[in-house]
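Here the structure is laid out as structure tokens; the discussion comes afterwards.
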Amino acid sequence: MNIQPPDLTSAYPEIFLLVMVCVVMLADLVAGEKKRYVAYYLSHFALLGCAFLTFTSFSTETTYTFSGMFVDDVMSDILKLMVYGTVASVLVYSRSYISLRGMYTGEFFSLILFATLGMMVMISASHFLTLYIGLELLSLSLYALVALRRNTVTATEAAMKFFILGALASGFLLYGMSMVYGATGSLHVAAVSEAIKSGVMSHEVLVIGLVFIVAGISFKLSAAPFHMWAPDVYEGSPTAVTLFIGSAPKLAAFGFVMRLLVEGMGEMVDDWQGMLVILAVMSMAIGNIAAIAQTNIKRMLAYSTISHMGFLILGLISADTNGYSSAMFYTFAYVLMTLGTFAIILMLSRDGFEADNINDFKGLSKRNPWYAFITMVMMLSMAGIPPMIGFYAKLSVLQAVLAAGFVWVAIVAVLLSVIGAFYYLRIIKLMYFDAPESDAPIKPSIDVRVLVTVNGLAVIAFGLFPQSLMALSLFAIEQSM
Amino acid sequence: MLFGLPLLSLVIWLPIVVGLVVFATGSDRNAQLARLIAIAGSILGFLVAIPLYLQFDSALSTMQFVEHHAWVERFNINYFLGVDGISMPLILLNCFTTPLVVLAGWQVIKERVSQYMGAFLIMSGIVNGVFASLDAVLFYVFWEASLIPMFLIIGIWGGPNRVYAAIKFFLYTLLGSLLMLVAFIYLYQTSGGSFSILDYHQLPLPMEPQILIFIAMLLAFAVKVPMWPVHTWLPDAHVEAPTGGSIILAAILLKMGGYGFLRFSLPIVPDASQYLATMMIVLSLIGVVYIGIVALMQVDMKKLIAYSSVAHMGFVTLGFFLFNAYGLEGAMVQMISHGFISGAMFLCVGVLYDRLHSRQIADYGGVANKMPIFAAFFMLFAMANAGLPGTSGFVGEFMVIMGSVKVSFWYAFLAATTLIFGAAYTLWMYKRVIFGEVANAAVEGLKDVNKREFAILAILAIAVIWLGVYPFPLTEVMHATVDDLLAHVAQSKL
């Protein structure tokens, strides 16, 4: 018997990262209390190395390995590069926050890197089980990250909630996958798609499986009505972890949805389209309306995320290249805006002070006009006001929705965005129209200053010239689907 | 072209760049520098706009000074600029008003001067962009972007209830414009992937979508004009805004709504416009008559002028939907003239407010005894607001009334009541504020206008009288475009 070893080249970034996680853990052990920065810089090096490997192996060809369980295509490469960039920014933004709160430890970095590995596996999976493994690697690391400050009650509570609901959602997902397996006899994404296309499978079983899968996905995306965990987890987690949960995993979740729903069950579009419309409308309604009542900015941003996920899902309902690339562009825009907003919250926080109440933004324009300006740009972008990137994200999604003929959905979406604009404006109002309550100096380190500025300017620059990012999304989808 | 530079881009981006420079001067220690850069930039902005008029070929009805560059290829969005006889005068009006606004805030604004001046300059560039855009998305970007500086101007430098007014202003306008965006995307789909407004003008559309598009755009433009019954944000915004904000709001931002009707509603959905014309005329007439009566009852000068703005803009929308040359041209003249007059009126109130910090009519009386020069200027503008022949206020109103006589006597009759109401509320206010005995000690201490205020008022006075006596330079440039628009609207697109 001749066993063919799998061709590992397309999985080099994942393998490299796995090795680096072990190195980070060991190095941190050796370096000890005084030299925590070793883990920090090694993590950056790991991400840089991954980026290098992904970038150099970039090709427009789609390659499968591990008996077709793992895929390397344009979409996966682009999403992975975005994930590296996002995670690296998260590390930069979080550094001073975590070092003031006793979280500047090897565990923090290794968990973040494990989660990153999970995301990469999700993005590159072409088998339902690989998808599941990636998802669990990500989720378990996140549960641990939330609970990292085990002495704080809120963090522990958030972690418990997150874990129990997350496990339930994973269960849903697995159950749905088993249904699909029962109906099609395979868990390979391509084989499932073929089997559904052949039309001989029991449609009922498939639909039941689909319902469970969509429920699981909605949980991971925090789309209503499976959103209840998000506000509590966002509020309870240390802000650095909230930033992480709110940003990079959404990129992975987008890849996850594309692999499962579009590549695997694309033939059942008539069945899932209706579900997604309901999810999207509910998310936008609940997210935008509930956010108005929030006084905790992390909670408010959780609801804002829910409404953004509604918009992202909206891009998928047209079920064509145009819609998928719009959703991908929306994901990029969302991640960029979330990073910038949380960076400001992290910047305002000090030792023993979380800056998570919206009133902590009062008079920011007097305390520091530049950061107030960046926050304003983020808020306007989230509200979808041009010339920020958020406007083009909404424009391209709305265009896809109208092209698919869902005029009423588009109208509901814009009406709900007007409601959403209110709570973003309230932050601007607090920063610009009110007097400051504290005059504590805002003195972030130079790397944070530079990155926040780049982040803020990127939101404007991609708003003025969105073509490159839009073309990139379109290219990724066209090459991969 | 001006020295090889594209004129329209210059008119748009010069004020924005100067505005950013003004921002960069930073804190109030450099306030005087910020003021000087702002005034220089705004005057320069006006100077570069003048060739638009001089090099404009008024015999043509097509777009002139056209600039066309690919911008977002993914959705075929272009950086597509051009002006015709409708948009060019509005750009000039905007560039003309900006230096006056900068001057008006010269001494009054003492806090965050650089942000105040910068916001106005950026606003000026953005508004020019609104009037010059020929691509729907580009238009929309400028249209929405104009909300941001105005939101901040009202919210930061406004009166006691400024937060409420600023948020109301923003959300009201946003609601209308987002539905317009949906209409644009719908047109993009039906036209086979084009955002060019000129393509939309030629696009055949069945009646049902036409009506829906008309309604979506109506919400955007009616809120901005503002038409009754969506005018309620305007008095709030005006009362709370600083003087400069009120001037820009009344003189420029309201014109964006009127311009929208001419550039979008009428030519893109002509059949729906004809079909719904009666409704529009009725709404406009309610605006003219009912708001006129409401204005009569006001005790706050700024609120009174705000309501008078609504009434005058009712004349504008009335003129649009009469579908004849008198009505349309009259409405255009009325827009420009209202820009001068309402700006001047708000400025006059601002002059009083800077001295006594009150806008209540009851707090004044006998101002003429202490401020004779000011009283004379105020007299002129009040008369113009009431539509006195010889001032610019008369020309537009007269032409619109002429136009409505051709359609129906009763339209003309109701429209003409504004001459009575307008005179009543303006002159009654004038009488209570300016004439009579000196009312109280505060009025006793008033000082007449200084040189700066005199200069602004004099410039506006010249404009008002010139346009009233000799409106030909204005009507000449818009004539061909208006005729062309009417011919276009008369053709069915079904």
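The values are calculated or read from the model by the stated rules, or taken from the named source; none is laboratory data. Here the structure is a predicted model, which means the values were calculated and not measured. With ideal geometry, Cβ positions are generated from the backbone for all residues, glycine too; neighbour counts draw on all protein chains shown.
Worth a mention:
- Of residues in the stretch A:422-439 being in a loop (DSSP other than H, G, I, E, B) and more than 10 Å from chain B (Cβ to nearest Cβ), the one surrounded by the fewest Cβ atoms within 10 Å (Cβ to Cβ): A:435
- Looking across the stretch A:359-381, the residues that are among the aliphatic types (A, V, I, L, M) and out of contact with any Ser or Thr (no Cβ under 6 Å at 6 or more places or on another chain) come down to A:364, A:374, A:376, A:377, A:379, A:380.
- Top-ranked residue of the stretch A:449-475 - restricted to ones that are within 14 Å of another protein chain (Cβ to nearest Cβ) and free of Cβ contacts under 8 Å to residues at least 60 places away in the same chain, ranked as nearest to residue A:377 (Cα to Cα): A:457
- Among the residues of the stretch B:239-272, just one is surrounded by fewer than 24 Cβ atoms within 10 Å (Cβ to Cβ), over 30 Å from residue B:483 (Cβ atoms) and under 14 Å from the mean Cα position of the chain (by Cα), namely B:249.
- Residues satisfying the stated conditions in the stretch B:128-152, i.e. among the acidic types (Asp, Glu) and either more than 9 Å from chain A (Cβ to nearest Cβ) or out of contact with any helix residue (DSSP H, G or I) (no Cβ under 8 Å at 6 or more places or on another chain) (or both): B:135
- Breaking point among (1) within 9 Å of chain B (Cβ to nearest Cβ); (2) under 24 Å from residue A:87 (Cβ atoms); (3) among the β-branched types (Val, Ile, Thr), for residue A:385: (2)
- Flag for residue A:103 being outside any helix (DSSP H, G or I) and either of a type in the set (A, V, I, L, M, F, W, C) or in contact with a strand residue (DSSP E or B) (Cβ under 9 Å, 6 or more places away or on another chain) (or both): yes
- From the list A:446, A:442, the lone residue that is over 25 Å from the mean Cα position of the chain (by Cα), without any contact (Cβ under 8 Å) to a residue 60 or more places away in the chain and either within 14 Å of chain B (Cβ to nearest Cβ) or surrounded by fewer than 21 Cβ atoms within 10 Å (Cβ to Cβ) (or both) is A:446.
- Candidates are the residues of the stretch A:185-233 that are within 17 Å of residue A:283 (Cα to Cα) and part of a loop (DSSP other than H, G, I, E, B); the one that is nearest to the chain's Cα centre (by Cα) is A:222.
- The listed residue being under 23 Å from the mean Cα position of the chain (by Cα), part of a helix (DSSP H, G or I) and more than 18 Å from residue B:123 (Cβ to Cβ), out of B:47, B:10: B:47
- Among the residues of the stretch B:393-425, the ones that are hydroxyl-bearing (Ser, Thr, Tyr) and out of contact with any Ser or Thr (no Cβ under 7 Å at 6 or more places or on another chain) come to 4 in all.
- Scanning the stretch B:153-170 for residues that are touching a Phe, Trp or Tyr at 6+ places or on another chain (Cβ under 6 Å) and either closer than 25 Å to residue A:389 by Cβ or facing chain A (nearest Cβ under 9 Å) (or both), we see that the one that is surrounded by the fewest Cβ atoms within 10 Å (Cβ to Cβ) is B:163.
- For the stretch A:56-67, the condition holds for at least one residue, the condition being that it is out of contact with any Cys (no Cβ under 6 Å at 6 or more places or on another chain) and in a helix (DSSP H, G or I).
- Residue check for residue A:376: more than 10 Å from every other protein chain (Cβ to nearest Cβ), touching a Phe, Trp or Tyr at 6+ places or on another chain (Cβ under 9 Å) and modelled with pLDDT of 90 or more: no
- Within the stretch A:5-57, if we keep just the residues that are more than 26 Å from the chain's Cα centre (by Cα) and hydroxyl-bearing (Ser, Thr, Tyr), the residue that is farthest from residue A:115 (Cα to Cα) turns out to be A:9.
- Positions within the stretch A:388-421 being more than 7 Å from chain B (Cβ to nearest Cβ), in a helix (DSSP H, G or I) and over 22 Å from residue B:147 (Cα atoms), in sequence order: A:397, A:400, A:401, A:407, A:408, A:409, A:412
- Residue B:199 part of a helix (DSSP H, G or I), without any contact (Cβ under 8 Å) to a residue 12 or more places away in the chain and over 20 Å from residue B:274 (Cβ atoms): yes
- Unmet criterion (only one of (1) in a loop (DSSP other than H, G, I, E, B); (2) touching a residue at least 12 places away in the same chain (Cβ under 8 Å)) for residue A:150: (2)
- Meets criteria (touching a residue at least 40 places away in the same chain (Cβ under 8 Å), in contact with a Ser or Thr (Cβ under 8 Å, 6 or more places away or on another chain) and over 24 Å from residue A:471 (Cβ atoms)) for residue A:83: no
- Residue in the stretch B:16-30 that is in contact with a Gly (Cβ under 6 Å, 6 or more places away or on another chain) and small (Gly, Ala, Ser) present: yes
- Residue in the stretch B:20-36 that is at pLDDT 85 or above, within 14 Å of chain A (Cβ to nearest Cβ) and within 26 Å of the chain's Cα centre (by Cα) present: yes
- Of the residues making up the stretch A:192-218, just one is buried (at least 16 other Cβ atoms within 10 Å of the Cβ), within 21 Å of residue A:71 (Cα to Cα) and without any contact (Cβ under 8 Å) to a residue 40 or more places away in the chain, namely A:195.
- Of residues in the stretch B:33-52 being buried (at least 19 other Cβ atoms within 10 Å of the Cβ) and small (Gly, Ala, Ser), the one nearest to residue B:7 (Cα to Cα): B:49
- For the stretch B:54-94, taking the residues that are outside any strand (DSSP E or B) and among the charged types (D, E, K, R), the one that is farthest from the other protein chains (Cβ to nearest Cβ) is identified as B:57.
- Meets criteria (on the phi > 0 side of the Ramachandran plot and either crowded, with 24+ Cβ neighbours inside 10 Å or touching a strand residue (DSSP E or B) at 6+ places or on another chain (Cβ under 7 Å) (or both)) for residue A:68: yes
- Test: residue B:212 is crowded, with 24+ Cβ neighbours inside 10 Å and modelled with pLDDT of 85 or more: no
So that you can scan it fast, the table gives a plain yes or no per residue for (1) at the interface with chain A (Cβ under 10 Å from one of its Cβ atoms); (2) more than 22 Å from residue B:308 (Cβ to Cβ); (3) in a loop (DSSP other than H, G, I, E, B):
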{"site": "B:204", "(1), (2), (3)": "no, yes, yes"}
{"site": "B:221", "(1), (2), (3)": "no, no, no"}
{"site": "B:226", "(1), (2), (3)": "no, no, yes"}
{"site": "B:229", "(1), (2), (3)": "no, no, yes"}
